[in-house]
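Novice: One structure, as structure tokens, below. Some questions next.
The values are calculated or read from the model by the stated rules, or taken from the named source; none is laboratory data. Since we're looking at a predicted model, the values are computed, not measured. Cβ placement follows ideal geometry from the backbone for every residue including glycine, while neighbour counts extend to all protein chains displayed. The area values use the complete protein model at the heavy-atom level, side chains included, leaving out ligands, DNA and RNA. Shrake-Rupley method; radii C 1.70, N 1.55, O 1.52, S 1.80 Å.
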Amino acid sequence: MVDQRSVLVVEDDPMLRCDAAALLADAGIDVVEMESADNALAYVFEQAESIGAIFTDVQMPGDTDGLDLAQYVASNWPHITVLVTSGRVHPCCELPGNIKFVSKPWMLSDVLGALRPTLGNA
């Protein structure tokens, strides 16, 4: 990666999380995995400067879902691009500029295209 920032993959389904992380890693991207938006938010508080992007599912267990995570991060750390994904939920309103959406099942090219401004030539 150009700036040594990682992508935080947030997905409660272990198979989907591992698949996304492996595909991004194969594309040369440093990946950190989290199983909940609550854990991801705690990680962002500690490591915000090392994170270039977050790739998160919408529906997850816990107090925070993927949209809550996306909106909080967009407001507090605008340098972090957030890519939200879901097969069931679609945003009902326009998202801020540093939040993007891809439907499941997503294609790696769509994910990389959305993350490219943050990750350079990954």
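Novice: Show me, for the stretch 64-79, the HN-Hα J-couplings you get by feeding each phi into the Karplus relation (A = 6.51, B = -1.76, C = 1.60, θ = phi - 60°), rounded to Hz, glycine and proline as x.
Specialist: After applying 6.51 cos²θ - 1.76 cosθ + 1.60, I find 10, 9, x, 5, 4, 4, 4, 5, 5, 5, 4, 6, 9, 9, x, 6 Hz.
Novice: Another question about this same structure. What nm value, rounded to one decimal, do you get for the distance between MET15 and SER50 when each label is placed 7 Å out toward the C-beta?
Specialist: Inter-label distance under the simple model: 3.1 nm.
Novice: Right, here's the next one. Sorting TRP77, TRP106 by accessible area (1.4 Å probe), largest first, what list results?
Specialist: Ranking TRP77, TRP106 by accessible area, largest first, yields TRP106, TRP77.
Novice: For the chain, what ratio Rg/Rh do Cα atoms give with a Kirkwood hydrodynamic radius?
Specialist: 0.91
Novice: Label ASP63 and ASP110 with points 7 Å out from Cα along Cα→Cβ: what is the distance between them in nm?
Specialist: Label at ASP63, label at ASP110, 3.3 nm between them.
Novice: Please list, in chain and number order, the residues 5+ apart from PHE55 or on another chain whose amide H is under 5 Å from its amide H, with Hs placed from the backbone.
Specialist: Here LEU8, VAL9, VAL10, LEU83 satisfy the definition.
Novice: Now for a different question. What spacing in nm lies between the two simple spin-label points modelled at ASP26 and TRP77, each 7 Å away from Cα in the Cβ direction?
Specialist: 2.7
Novice: Could you tally the net charge around TYR72, taking each other residue with its Cβ under 13 Å from the Cβ of TYR72, Lys/Arg +1 and Asp/Glu -1?
Specialist: Result for the local shell: -4.
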